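The values are calculated or read from the model by the stated rules, or taken from the named source; none is laboratory data. These numbers come from a predicted model, not from an experiment. Note: ideal-geometry Cβ built from the backbone for every residue, glycine included; neighbour counts use all protein chains shown.
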Amino acid sequence: MRTIDILRPTTIEKVVDESSNIRSFYFRDELSLTSEPGQFVMVWLPRVGEFPMSLSLPRSGLASIGVKAMGVGSKLLYECKTDAKLGIRGPYGTPFDLNRSRKSRRIVLLAGGGTGLVPILVLSRAFDSSKSTRGIVVVSARTRSEVPFLRNFAKYHAKKDVYVTTDDGSLGQKGLGHEKVRELVESHSIDEIFSCGPERMMAQIYEIAKRNHIPVQFSLERIMKCGMGICGSCTIGDKVLCRDGAVLNEKDLSEVRGEFGHYTRAKTGTLLPC
Ligand SMILES: Cc1cc2nc3c(=O)[nH]c(=O)nc-3n(C[C@H](O)[C@H](O)[C@H](O)COP(=O)(O)OP(=O)(O)OC[C@H]3O[C@@H](n4cnc5c(N)ncnc54)[C@H](O)[C@@H]3O)c2cc1C
Ligand code: FES
C-alpha cells in the first residue's frame, strides 16, 4: 500500500461560505499540499461515508476542499463546523497538464460551473504565475447567489478576462457557460480549453473545441468508491476515471464519446442518462 492510500485523520480548522451553496473547508494535511491542479482526495466523514473532492487552494498552510450539498452524505459534510473530524486519502488522479503547448505565448480558456470551479480556480492561480500564458475565465452558475470565487478569479486575471454567466441573467451574461465559450472561441485565438462542471456543459464545449481544432483538458466526475483503480465503479468507456483521469484530453474524450455527455453510472453500475 502506498503512503497516500492510508487514511490520515485531520480536523476542520476553518469554514468559509463561497456562495449560497458552496463552502470551503480548511484542514491540515501535508500530502494534500503536495497536489497538482486537478487532483482530488477521498474525504471520509466518520459514521457517514467517503466522498471524492477536488483539492482547492491552500491558505496559511492548510489544505482545502469546496463542498456542495448534493445528497444526504455531502449535505452532512457541507454542514460540518470547525473541529469536526475527517479522514483524508490521496491526492489521487492525473493532474491537468499545464505545459502541453510548445507555443511561447498562448491564450487558454478556463470554463467552470458549480463545484467544477474548484479545480478551475486552482488552475487559474497556476497560470497566473506563467508570464507567457493569458488565461480567460468563464464562471457559470444558475443564479447570482451561487457564483463562487469571483474575488479570487479577479486576483489572477485581468478584469476584462473574467466572464460570468448565469442561467437567469441575475449576474453577468444571461445564458449557459458553453454559449459564452462559443463566443470567445469566435472572437479570440484560443490555444487550449480547460473545463470542469456539469457534463452536458462540457460535452457542448467539447463539440465547439473539436469544430475549431482546439485541444482540451476536462475534469470529469463519476461515482468513486476506492479512488485507486480497484473497484471499477468509476469507469467511463474503457477508462478507469480515478486512475486514468479525472482529467481527460481530447483524444481520451473521443474514445469515451459514447458515454461522455450521454450516460453516467449509478452506484450499482447501471448506466443512467446524464
Ligand atoms: C474527481 C471528483 C471530484 C469531485 N469534486 C467535488 C468537489 O470539489 N466538490 C463537491 O461538492 N463535489 C465534488 N465531487 C462530487 C462529490 O463527490 C459528490 O457530489 C458526492 O460524493 C455526493 O455524495 P452524496 O452521498 O451526498 O450523494 P448521493 O446521495 O449518493 O447522490 C446525490 C447525487 O449526486 C450524484 N453523485 C454521487 N456521487 C457522485 C460522484 N462521485 N460524482 C458525481 N456525482 C455523484 C448522484 O448520482 C446523485 O445524483 C467530485 C466527484 C469526483 C468524482
Ligand atoms: S473508484 Fe474504484 S476504480 Fe475508480
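Within the range 22-45, residues that are touching a residue at least 12 places away in the same chain (Cβ under 8 Å) and on the phi > 0 side of the Ramachandran plot sit with their Cβ atoms under 6 Å from residues that are hydrophobic (A, V, I, L, M, F, W, C) and buried (at least 22 other Cβ atoms within 10 Å of the Cβ), at 6+ positions apart or across chains, in these pairs: Gly38/Phe96; Gly38/Val247. Taken over the range 1-32, the residue count meeting the criterion of being farther than 16 Å from Leu121 by Cβ, aliphatic (A, V, I, L, M) and surrounded by fewer than 16 Cβ atoms within 10 Å (Cβ to Cβ) is 3. Among the residues examined, Ser124 does not qualify as in a loop (DSSP other than H, G, I, E, B) and either within 18 Å of Ile65 (Cα to Cα) or at pLDDT below 95 (or both). Filtered by the rule that a residue be surrounded by fewer than 19 Cβ atoms within 10 Å (Cβ to Cβ) and within 16 Å of ligand 2 (Cβ to nearest atom), the range 177-227 gives Ile223, Lys225, Cys226.
Here Leu248, Leu171 are screened, and the one residue that is free of Cβ contacts under 8 Å to residues at least 40 places away in the same chain, surrounded by 13 or more Cβ atoms within 10 Å (Cβ to Cβ) and within 16 Å of ligand 2 (Cβ to nearest atom) is Leu248. Total residues in the range 45-59 satisfying the condition of being in a strand (DSSP E or B), surrounded by 19 or more Cβ atoms within 10 Å (Cβ to Cβ) and more than 14 Å from ligand 2 (Cβ to nearest atom): the figure is 2.
Here Lys75 meets each of (1) surrounded by fewer than 17 Cβ atoms within 10 Å (Cβ to Cβ); (2) assigned to a strand (DSSP E or B) with one exception, condition (2).
Taking residues in the range 91-112 that are surrounded by fewer than 18 Cβ atoms within 10 Å (Cβ to Cβ), and partners anywhere that are assigned to a loop (DSSP other than H, G, I, E, B) and among the aliphatic types (A, V, I, L, M), the pairs with Cβ atoms closer than 8 Å and at least 6 places apart or on different chains are Ile107/Ile190.
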